[in-house]
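The values are calculated or read from the model by the stated rules, or taken from the named source; none is laboratory data. Not measured: the values here are computed from a predicted model. For neighbour counting, all protein chains shown are included, and Cβ atoms are generated from backbone atoms with ideal geometry for every residue, glycine included.
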Amino acid sequence: MSIRRVRELLAASLVVIASFAAASAAEAQSVITGRITDAQGNGIPAANVVVPTLGVGVGASTNATGNFTINLGTNVSVGQNLVIQVRRIGYSPQTRDVKIAGGTQTENFTMTQQVRQLDEVIVSGVSEATSARNLTISVGKVGEQQLKDVR
């Protein structure tokens with residue numbers, strides 16, 4: 001066998017080995033996708049979907065149609081159990097145990113509204129050291145009774 005033929009076979013073998021390594025790395029990547037909807041099947045935008053056991057930054061917010069994608073990367077292994085939490089103001093939060101299957105898996109959630117549990121929402125854009133009388137903007141507060149009066 002000639003040296004040229006040995007080199008060709010060696011190069012072909014390296015290509016095959018590299019493709020198997022790339023396929024293994026791709027399978028090690030885990031992705032969770034899904035859709036968050038209300039009881040009528042409408043997508044809920046801006047819902048937070050997080051995996052708290054993997055730390056800060058592992059999660060996503062839903063888009064305008066309620067879809068989300070969480071790239072877990074190689075932080076998890078196939079068969080590992082994780083907890084997914086879904087939250088949105090005005091809806092009751094949900095928690096689900098998920099077993100990682102590897103690759104892409106779909107987890108859909110249906111949230112129920114809980115408007116009456118919304119006590120108050122405070123929106124602030126100034127430093128806490130600024131007194132109300134020194135502000136150049138108006139400050140208001142909406143209480144529970146006012147929220148009950150609104151349809």
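Brief remarks on what is shown
- Residues of the stretch 87-100 satisfying the condition of being under 19 Å from S30 (Cα atoms) and in contact (Cβ under 8 Å) with a residue 40 or more places away in the chain: V98, I100
- Residue in the stretch 88-99 that is β-branched (V, I, T) and at pLDDT below 90 present: yes
- Residue selection: A64 fails the criterion of being surrounded by 11 or more Cβ atoms within 10 Å (Cβ to Cβ), at pLDDT 85 or above, farther than 27 Å from A101 by Cβ and not polar (S, T, N, Q).
- Condition check for V76: surrounded by 14 or more Cβ atoms within 10 Å (Cβ to Cβ), of a type outside the set (F, W, Y) and modelled with pLDDT under 95: yes
- Residue under evaluation I44, criteria (1) without any contact (Cβ under 8 Å) to a residue 60 or more places away in the chain; (2) within 29 Å of L147 (Cβ to Cβ); (3) surrounded by 15 or more Cβ atoms within 10 Å (Cβ to Cβ); (4) under 14 Å from the mean Cα position of the chain (by Cα), criterion not met: (1)
- One residue stands out among those in the stretch 100-109 that are exposed (fewer than 13 other Cβ atoms within 10 Å of the Cβ) and in a strand (DSSP E or B): the one that is modelled with the lowest pLDDT, which is G103.
- When the test is whether a residue is over 30 Å from G143 (Cα atoms), crowded, with 17+ Cβ neighbours inside 10 Å and either modelled with pLDDT of 95 or more or not basic (K, R) (or both), V58 passes it.
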